[in-house]
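Heads up: the structure comes next, in structure tokens.
Readers should treat all values here as calculations from the given coordinates under stated rules, not as data from a laboratory. Given the structure is predicted, the values throughout are model-derived calculations rather than measurements. We place every Cβ from the backbone using ideal geometry, glycine too, and count neighbours over all the protein chains shown.
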Amino acid sequence: MADGLEAGEATGFEKLIGRAATETERRQLRLVKEALGLRDNDALWLVIFALQYYDSLYRQFPKAIATEAATIMARTRETADAQMRAGVEQAKADLARAVALAAQDVARDVARRQTTQWLVYGMAVGAALVVTGIAIGRALAP
């Protein structure tokens, strides 16, 4: 074929892109050439090569973007997981500290109540002993 699009030939397009053209790229170029009635030496034909080159570059972007997005998502997920684990550990530590403080407060309140109870019992026993002593003193007095 004289269109410079034969497989295996180093076409102008392949020189531009620096690799062998795919069959899809060859087919697209042939369709454009035939639809516009271009010849190999037409200036527009060279512009079509350049446009096809940019088309092939732009077709790579979605794959590159998807790959980078997956990488970013994986890193974000790892970071979020690490932060969540750290948050859980911090929450456990805070809860343990709060439970310990609450236990100390409860123990202090219980100790205060018991101290108050013993104080009241002691005062009652002391008052009973004073009353008993007074009663015994009166009974023994002439």
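Among residues of the stretch 47-58 that are within 10 Å of Leu29 (Cβ to Cβ), those with a Cβ under 8 angstrom from a residue that is surrounded by 12 or more Cβ atoms within 10 Å (Cβ to Cβ) and polar (S, T, N, Q), sequence gap 6+ or separate chain, pair up as Gln52/Gln28.
Scanning the stretch 13-27 for residues being in a helix (DSSP H, G or I) and either surrounded by fewer than 17 Cβ atoms within 10 Å (Cβ to Cβ) or under 43 Å from the mean Cα position of the chain (by Cα) (or both) gives a total of 7.
Checking the condition within 25 Å of Arg19 (Cβ to Cβ) and either in a helix (DSSP H, G or I) or of a type in the set (Gly, Ala, Ser) (or both), which residue from Asp81, Asp40, Asp105, Asp55 passes? After ruling out the rest, the residue left standing is Asp55.
Here's the yes/no breakdown for (1) over 47 Å from the mean Cα position of the chain (by Cα); (2) touching a residue at least 40 places away in the same chain (Cβ under 8 Å); (3) surrounded by 10 or more Cβ atoms within 10 Å (Cβ to Cβ):
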site	(1), (2), (3)
Lys92	no, no, yes
Ala100	no, no, yes
Val106	no, no, yes
Thr116	yes, no, yes
Leu119	yes, no, yes
Leu129	yes, no, yes
Ile136	yes, no, yes
Leu140	yes, no, no
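If you check Arg75, Arg39, Arg59 for being surrounded by 10 or more Cβ atoms within 10 Å (Cβ to Cβ) and closer than 18 Å to Gly12 by Cβ, only one passes: Arg39.
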